[in-house]
Amino acid sequence: MAENDTDLDALFAAARQERDFLPEDLAARMLADAQAVQAVRAASETAPEQAKRPGLWSQLGSALGGWRGIGGLATACAAGVWIGLAPPAFLPDPAELLYPQSDTDLFADLSLSDLNAEEG
Amino acid sequence: MGDPGDDALLVLFANGDGQAARDLTGRLGPRAYSVALRVLGNRAEAEDVAQEAMMRLWQMAPDWQPGRAKVSTWLYRVTLNLCLDLKRRRRTEDLDAVPEPQDDSLSAPERLQEAARIDALQAALMQLPERQRQAVILRHIEELSNPEIAGIMDISVEAVESLTARGKRALAKALAGRRTELGYDDG
């Protein structure tokens with residue numbers, strides 16, 4: 001058995017002779033991988049600000065209080081339009097408030113010559 | 001000033017140092033290739049596994065925490081896991097039936113006795129159960145300590161000792177009939 005052990009140790013020693021061998025093309029591929037990984041990392045590190053800057057809609061959404069704020073705003077707008085178009089009975093007609101209709105003619109007693117006389 | 005350790009090289013690599021990439025390839029590439037070659041017994045597959053193991057090293061470099069483990073230990077473990085994955089895939093594809101060296105395996109064109117001996121050892125290694133083969137390769141070819149092998153294989157030191165002892169006995173038995181052929185009976 002000792003003889004076999006010695007043989008085995010010799011075989012292990014022979015295998016160890018090849019232990020530090022790395023085929024050239026394999027070394028080149030490993031190095032190419034390493035450089036590719038470094039390049040990707042370098043590219044991602046040079047543009048983190050651009051990647052992190054929020055877009056216009058994102059900024060607007062934040063300014064308005066997120067999706068809850070935008071939802072509330074939209075509801076308020078819709079309610080305003082509806083009230084404008086079909087106001088409840090207890091509210092005055094907004095159109096009338098802006099352009100009041102009157103049966104009285106303010107200029108009924110004035111003639112064109114009176115108006116000209118006032119200006120003159 | 002001594003050479004920087006693997007830890008330091010990995011940090012340099014993560015910071016974009018090209019020389020660190022070359023140094024790590026020179027130091028650790030052969031380790032991954034050697035183990036994969038002995039475990040798989042096939043050069044082409046060993047090259048694929050070693051390249052993938054190194055790729056994982058490059059990718060994990062920024063997350064490496066120096067001092068927590070040896071880089072080489074991590075690499076051996078990844079390499080062995082990749083070997084196991086490959087063998088499982090092979091088994092699924094039903095191509096794992098031939099343990100002898102294949103077309104592009106270890107047979108050298110010039111059959112020097114040294115090469116013949118290495119081939120004989122490889123053929124005997126391929127007959128060992130997977131864990132025994134791994135332990136024997138790490139102990140007797142990579143010359144790692146038992147505690148380090150235990151860390152790599154995630155088993156106890158006693159289990160490593162048992163695996164290597166049984167593996168050596170099985171190898172000696174497998175090679176016993178080939179002493180003359182391998183030039184050990186000449187004298």
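If we keep just the residues of segment B:41-65 that are within 19 Å of B:Leu86 (Cα to Cα) and buried (at least 23 other Cβ atoms within 10 Å of the Cβ), which is nearest to the other protein chains (Cβ to nearest Cβ)?
Only one residue tops the list, namely B:Met54.
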Notebook entry, point to check: So which residues in segment B:15-36 are facing chain A (nearest Cβ under 8 Å) and assigned to a helix (DSSP H, G or I)?
Noted result: B:Gly18, B:Ala21, B:Arg22, B:Leu24, B:Thr25, B:Gly26, B:Gly29, B:Pro30, B:Tyr33, B:Ser34
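Read-outs throughout are calculated quantities, based only on the coordinates presented, and are distinct from any laboratory measurement. This structure is a prediction, so every number in the text was calculated from the model and none was measured. For neighbour counting, all protein chains shown are included, and Cβ atoms are generated from backbone atoms with ideal geometry for every residue, glycine included.
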